[in-house]
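The values are calculated or read from the model by the stated rules, or taken from the named source; none is laboratory data. Bear in mind that the values here come from a model prediction, so they are computed numbers and not experimental data. Because the Cβ atoms are built from the backbone with ideal geometry, glycine has one as well, and the counts that use them run over all protein chains shown. Ligands, DNA and RNA are stripped out before the accessible areas are found, and what is left, the full protein with its side chains, is counted by its heavy atoms. Shrake-Rupley method; radii C 1.70, N 1.55, O 1.52, S 1.80 Å.
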Amino acid sequence: MTPERNAFGQPIGRALDGWAERSLPPLTPMAGRDCSIEKLDVERHAADLYAAYSNAPDGRDWTYLPAGPFSNLAQYVDYLRKEAVKSDPMHHAIVDSHSGMPVGSAALMRIDPVNGVIEIGHIVYSPLLKRTRSGTEAMYLFMRRVFDELGYRRYEWKCDGLNAPSRRAAERYGFRFEGIFRQAVVYKGRNRDTAWFSIMDGEWPAVRAAFEAWLEPKNFNADGTQRQSLSAIRAGIRQ
C-alpha cells in the first residue's frame, strides 16, 4: 500500500479517523464454555492455585518469570498479596468451569489506553490446564475482551528469547513474531533478551474465527483429542 504523504512529500502513517482513547479493562469476569476468568482474589484463589501448581514435578514453569517457584503456600500468598493490589499488571485467575477450581493465572499488563495497546503476561498454567481446551479458550477470552469489548489496536506477547515453549505458544495462538530486543530486562539476576509478538486489530477477525472453529465440540473426538489443530484451521482461513 502506498503511504500517505504530507505537504512536504514525506511519507506519514495512515490517518485514524475517529480514534479515541480506549477504556481500561473492567474487573468483570469472562465466561467461556470450559473456563472462566476472574480478577485474582487472594482469599478465594491463592490456596487452590498453589495446590494446582504443586501438581508439577518441579519448578521449571517459573524459570522465565520474575518470581517463583515458591517453596510453600505462605510464600506464594505473600507474593500474590503484593501483586493483587496492582492495577497494572492486572492479574486474573483461570477457573475450570467443570470443577470450579482455579487452575492457572495470567495478567493484562502494560495497559496503554491512549494508544490502544495491551500485553498478556505473567502466564502460569498448572498441569491441570496445560494442553486442554480450557487453556486455549482462556487466551481466546482475553483476546475477545481486548479487541471486541475494548477496541484496542494491538495485543502483545513478550517472553525470554530462550523460552522456546512460550514462543511456540504465541505462534500457535496467532501472534506474529516481531523480533528480539537485546538485553531488554534483568530478572532473577540474569539477562533477558526479549522476543516480541503481536496481533493487530485487523488480524483479529481471522484469529478469532480460527479459535471459534477449534473450540467447537465437533472438532474433538470422544476421547477429547482434536480433529484439527488450531494452526491448521488458521492456515486454512488465511488461504
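Things to note:
- Note on the stretch 1-124: the C-alpha convex hull projects to 11.6 nm² when averaged across all orientations.
- Rounded to the nearest angstrom and listed largest first, the equivalent-ellipsoid semi-axes of the stretch 136-206 from its Cα gyration tensor are 25, 12, 11.
- Entry note, the chain: the mean residue ellipticity at 222 nm calculated from DSSP H runs of n ≥ 4, each adding -39500 (n - 2.57), is -8500 deg cm²/dmol after division by the residues and rounding to the nearest 500.
- Anchor Lys86: aspartates and glutamates whose Cα lies under 12 Å away (excluding residues fewer than 8 positions away in-chain): Asp41
- Estimated FRET transfer efficiency (Glu212, Tyr64; beta-carbon r; R0 45 Å; 0.05): 0.90
- Here the average projected area of the convex hull drawn through the C-alpha atoms of the stretch 88-210 stands at 8.1 nm².
- Cα-Cα over 22 Å, subset of Lys82/Lys188; Lys130/Lys188; Lys158/Lys218: Lys130/Lys188; Lys158/Lys218
- Solvent-accessible area per residue in the chain equals 54 Å², computed with a 1.4 angstrom probe and all protein chains kept.
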